[in-house]
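S.K.: Shown below is the structure under consideration.
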Amino acid sequence: MELYLIRHGLAGEFGRYPDDRDRPLTEAGKKKTQFVAERLKTLGIQFDQVLSSPFVRAWQTAEILLEVGLSDRLEVAGYLAPSGEMSDWLNWLPTWETGSQGTLALVGHEPNLSHWAETLLWGEYKGVITLKKAGVIGLAVPDSEPVGNASLFWLTPPRLLL
């Protein structure tokens, strides 16, 4: 499976909203995310499904991916919230309809996404990967024993896609 880990775009100021879950993308964040999504589309990327954190900024990012035609399937996944657990996604993964031949995008937050990427690559978190807002990590993930057995094929800050 090809797995794309996508961090949400630039969001409103932390602490400005009573509940951090409600913090939306800024106008600049929407525009930058739109440009990144359009660039992914021109590169021929297509997702069989997009899973998103339930937080507003991540959901808005995921909706932009759909608006530009990168996928037509979007689902909320609580395990992509900042408090989410990778083990919950690993438990969900065998139930995914498209399975090992598919392309899946996960839209979430830092430091979770870089932790997940490192765990899939090396079997442990090493603290060496950082995913910028609206950045993308691409991993080839085997259908059995994904932890520690993935291969990195893409680590792109958004500035390289703009």
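S.K.: Given (1) buried (at least 21 other Cβ atoms within 10 Å of the Cβ); (2) out of contact with any strand residue (DSSP E or B) (no Cβ under 8 Å at 6 or more places or on another chain), identify the lone condition not met by residue 95.
M.R.: Here residue 95 meets the rest and fails (1).
S.K.: Return the residue satisfying two criteria in turn: it lies in the range 106-151 and is surrounded by fewer than 20 Cβ atoms within 10 Å (Cβ to Cβ) and either touching a Gly at 6+ places or on another chain (Cβ under 7 Å) or among the acidic types (Asp, Glu) (or both), and of such residues it is nearest to residue 7 (Cα to Cα).
M.R.: Checked the range 106-151; the qualifying residue nearest to residue 7 (Cα to Cα) is 110.
S.K.: Moving on to the next point. Among the numbered conditions (1) among the hydrophobic types (A, V, I, L, M, F, W, C); (2) without any contact (Cβ under 8 Å) to a residue 24 or more places away in the chain; (3) part of a loop (DSSP other than H, G, I, E, B), tell me where residue 147 comes up short.
M.R.: For residue 147, the failing item is (2).
Results for (1) closer than 16 Å to residue 3 by Cβ; (2) at pLDDT 95 or above; (3) exposed (fewer than 14 other Cβ atoms within 10 Å of the Cβ); (4) in contact with a helix residue (DSSP H, G or I) (Cβ under 7 Å, 6 or more places away or on another chain), shown as yes or no for each residue.
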{"position": "66", "(1), (2), (3), (4)": "no, yes, no, no"}
{"position": "70", "(1), (2), (3), (4)": "yes, yes, no, yes"}
{"position": "89", "(1), (2), (3), (4)": "yes, yes, no, yes"}
{"position": "104", "(1), (2), (3), (4)": "yes, yes, no, no"}
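S.K.: Something else: Step by step: first the residues of the range 6-23, then only those that are surrounded by 14 or more Cβ atoms within 10 Å (Cβ to Cβ) and over 17 Å from the mean Cα position of the chain (by Cα), then the one that is nearest to residue 156 (Cα to Cα). Which residue is that?
M.R.: Initially, the range 6-23 is screened for residues surrounded by 14 or more Cβ atoms within 10 Å (Cβ to Cβ), giving 6-12, 17, 20-21, 23.
Adding the requirement that they be over 17 Å from the mean Cα position of the chain (by Cα) leaves 12, 17, 20, 23.
Details: 12: 23, 17: 30, 20: 26, 23: 24 Å.
The selected residue is 12.
S.K.: Out of all the residues in the range 152-162, which are surrounded by fewer than 17 Cβ atoms within 10 Å (Cβ to Cβ) and assigned to a strand (DSSP E or B)?
M.R.: As a first pass, look at the range 152-162 and keep what is surrounded by fewer than 17 Cβ atoms within 10 Å (Cβ to Cβ): 152-154, 157, 159-160, 162.
Residues satisfying the conditions are 152, 153, 154.
S.K.: For the range 85-134, give me each residue that is closer than 21 Å to residue 63 by Cα and among the hydrophobic types (A, V, I, L, M, F, W, C).
M.R.: Residues satisfying the conditions are 89, 96, 104, 105, 106, 107, 113, 131, 134.
S.K.: Quick one: would you say residue 127 is at positive phi and of a type outside the set (D, E, K, R)? Spell out how you get there, then give the answer.
M.R.: Details: at positive phi: yes; of a type outside the set (D, E, K, R): yes.
In short, yes.
S.K.: Of the residues 62, 58, which single one is within 20 Å of residue 27 (Cα to Cα), at pLDDT 95 or above, aliphatic (A, V, I, L, M) and touching a His at 6+ places or on another chain (Cβ under 6 Å)?
M.R.: On the way: 62 fails: touching a His at 6+ places or on another chain (Cβ under 6 Å).
Matching residue, one of 62, 58: 58.
S.K.: Which of the residues belonging to the range 133-146 are more than 17 Å from the chain's Cα centre (by Cα) and aliphatic (A, V, I, L, M)?
M.R.: none
The values are calculated or read from the model by the stated rules, or taken from the named source; none is laboratory data. This structure is a prediction, so every number in the text was calculated from the model and none was measured. We place every Cβ from the backbone using ideal geometry, glycine too, and count neighbours over all the protein chains shown.
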